[in-house]
Amino acid sequence: MVSDVPDPSVLHPVPGQPRVVLLRPLVKSPLIEVGAYSYYDDPDAATDFESRNVLYHYGPERLVIGRFCALGTGVRFIMNGANHRMDGPSTFPFPIMGGAWAEHVDLITGLPGRGDTVVGHDVWFGHGATVMPGVRIGHGAIVAAGSVVVDDVPDYGIVGGNPARLIRRRYSEPDIARLLAVAWWDWPDDHLTRHVRAVMSGSVDDLEAAAPAAPGGRRRTGI
């Protein structure tokens, strides 16, 4: 057993760097679920992630972020509550202003949504990226700085631009299948600690060779 495994419950994992926060011990909303070790980096207001970076989040849709994700400064998730009607002449949400306009609240309730926003494991978001409602981002993906993600991102895809487009895949389709089968983000922390070099700089072969033998051939799931 490796004794010196980083603690995923520590709010500020990097000594002397309050700009870096682990999101799992930070978030309180029942509508946000974050996996272990995923972090946000912001020199000004890292601990305000829920209010500054997850916007228009009134539910019931959830934001789900997997393990080992890296979120650069200014990454924002726009949730379904930002929707406005688009089937009439005006998109202005009159009822929220109160007064007699509030009598027409039915005009802004029940607007169609795209469901939960789901981010896989080991996803890297560059500075200022924006994710629109209901997007699903695959494991191992990279979102370039300043991107506006309006569509789903495949596993190990690199996307960039506004709207974000697929630039390339990080690995071939056969190797992506192998990486997903290995699922290193599900490894026990002590085993992962012994094989950090293979995870960070090894080949797919190295990663397969380092994978733990799971009882019954089954791997852990969930975040």
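Write down the percent of antiparallel bridges among all DSSP beta bridges whose residues are both part of the chain, to the nearest 5. Walk me through the numbers before you get to the answer.
Details: 7 of 30 bridges.
About 25 percent, rounded to the nearest 5.
Counting only residues 5 or more places away or on other chains, whose amide H sits under 5 Å from the amide H of residue 77 once H atoms are built in the peptide plane?
The answer is 54, 55, 131.
Using a 7 Å offset from Cα along Cα-Cβ at residue 201, what residues in the stretch 175-195 end up with backbone N under 15 Å from the label point?
Residues 195 qualify, since their backbone N sits under 15 Å from the label point.
Have a look at the DSSP beta bridges in the stretch 15-112 and tell me what percent are antiparallel, nearest 5.
Numbers: 3 of 10 bridges.
Around 30 percent antiparallel, to the nearest 5.
Given labels modelled 7 Å from the Cα in the Cβ direction, how far is it in nm from residue 150 to residue 109?
The modelled label-to-label distance comes out at 3.1 nm.
Once amide H atoms are built 1.01 Å from N in the peptide plane, which residues 5 or more positions from residue 116, or in another chain, come under 5 Å H to H?
Long-range HN contacts for residue 116: 62.
Quick one: work out Rg over Rh on the C-alpha atoms of the stretch 34-102, Rh as Kirkwood radius. The partial results should precede the final answer.
On the way: Rg = 16.2 Å, Rh = 14.5 Å.
Rounded to two decimals, Rg/Rh equals 1.12.
For helix 173-182, what angle does its Cα long axis make with the longest principal axis of the chain, in degrees from 0 to 90 and rounded to 10?
Its long axis makes an angle of about 80 degrees.
With label points built 7 Å along Cα→Cβ from the Cα atoms of residue 82 and residue 11, find their separation and express it in nm.
Going from the residue 82 label point to the residue 11 one covers 2.7 nm.
Between 164, 212, 118, whose Cα lies farthest towards the positive end of the dipole of the stretch 104-223 when Lys and Arg beta carbons carry +1 and Asp and Glu beta carbons carry -1, centred on the Cα centre?
164
Find how much the distance from residue 191 to residue 172 grows on full extension, using 0.36 nm per residue of separation minus their present alpha carbon separation; answer in nm with one decimal. Before the final figure, lay out each step's value.
Numbers: separation 19, 0.36 × 19 = 6.84 nm, distance 2.65 nm.
That pair, residue 191 and residue 172, stretches by 4.2 nm at full extension.
What does DSSP give for the stretch 80-183 in terms of the percent of beta bridges that are antiparallel, rounded to the nearest 5?
Numbers: 4 of 13 bridges.
About 30 percent, rounded to the nearest 5.
Computed from these coordinates, which is semi-axes √(5λ) of the Cα gyration tensor in Å: [x] 32, 18, 14; [y] 36, 20, 16; [z] 46, 17, 14?
Given [x] 32, 18, 14; [y] 36, 20, 16; [z] 46, 17, 14, the structure-derived one carries the label [y].
We did not get these values from a lab; they are worked out from the coordinates using the rules stated. Since the model is a prediction, treat every value here as computed from it, not as a measurement. Please note: Cβ atoms are built from the backbone with ideal geometry, for glycine as well, and neighbour counts cover all protein chains shown.
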